[in-house]
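The structure under discussion appears below in the form of structure tokens.
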Amino acid sequence: MNPNASEPTDAAASAPTESDTGNSPPARGGRNRRGPAPQRPQRGGANQPANTAPARHHPMLDQLAELYPALFGAEFLPMKRGIFQDLLEAHPDTLDKEGLKAALALHTRSTRYLTAVASGQPRCDLSGQPVEDIAPEHVHHALVEVFRRRQGRAPQDLKPKLRQRIEQAFEASGLGAEAYAALVQTRDEAVNALTQEALDAVVARAAKDAALLRAFEASGKTVDEFADMYGMGGADANRTLERARARAAKPA
């Protein structure tokens, strides 16, 4: 599954290669009677030999982790838009522009970073402080890419888990189903179909919850009495009613 969309500051995060995940085999050079084909110089890392394979880890990432452990350390955080320029301005004499560009590209393609984006937490500045909400489409595309990678290693079908996560991301977005679907549309019809299933499930559940809330408010019963009437547990009924109230309180 490939969302075919990229984040403005997350350097082609939704179009990774297998080498970005650290799971690809070593490259093999082709053979023919005229000898091996010439190799093109690799671009990205500073001072990288022309005949080496692309690095899976850029040394500048270690430097960034030392400078900004809150953002590049053990726990990755979604980065604010414009972080590239912020870094260049903060370290004009120590960070090479092209090397930084290559390092951030590797960083934002990594599964760890995409997992952070998929969590929906805010984008952060160099100190690790939240500064802006992350766009719903960025969360969605990161979710799809993370599950695509995991599916390649998992024996079981992960689509049900992905659908559940899309449901959660949709509800957290605060958008209507049509607006959300338009934002996250891709060229992958299987992803679009799974997304629509998730949206339909959330809309149906919301309608059912709203109907239950109306019935409860008209019943004059306590929550426990109402739950008993509908064959529900008191805790389940209370959660459903609170969920319906929260949805009703949201602005249209």
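Here is the tail figure for segment 63-181: Cα pairs spaced more than 23 Å apart come to 38 percent of all pairs.
Round to a whole number: what % of the accessible area of segment 112-200 belongs to carbon and sulfur, probe 1.4 Å?
50 percent
Within straight-line reach of Lys159, meaning a Cα separation under 25 Å, sit the following lysines at least 8 residues removed in sequence or on another chain: Lys208.
A 1.4 Å probe run over the protein chains yields, for segment 148-252, 62 Å² of accessible area per residue, whole-number rounding.
Which value, in Å³ per residue, describes the convex hull spanned by the Cα atoms of segment 141-184?
Output value, Cα hull per residue: 64 Å³.
Assuming 0.36 nm per residue, please report the length gained on full extension of the stretch Ala211 to His57 beyond their Cα-Cα distance.
50.1 nm
Taking only C-alpha pairs under 8 Å that are 6+ residues apart, what is the relative contact order of segment 124-250 in percent?
Averaging sequence separation for qualifying contacts and normalising by length gives 19 percent for segment 124-250.
For segment 147-243, the equivalent ellipsoid derived from the alpha-carbon gyration tensor has semi-axes of 34, 17, 9 Å in decreasing order.
The values are calculated or read from the model by the stated rules, or taken from the named source; none is laboratory data. Values in this document were obtained by computation on a predicted structure and should not be read as measured data. Note: accessible area is taken over every heavy atom of the protein model, side chains too, but ligands, DNA and RNA are not part of it. Shrake-Rupley method; radii C 1.70, N 1.55, O 1.52, S 1.80 Å.
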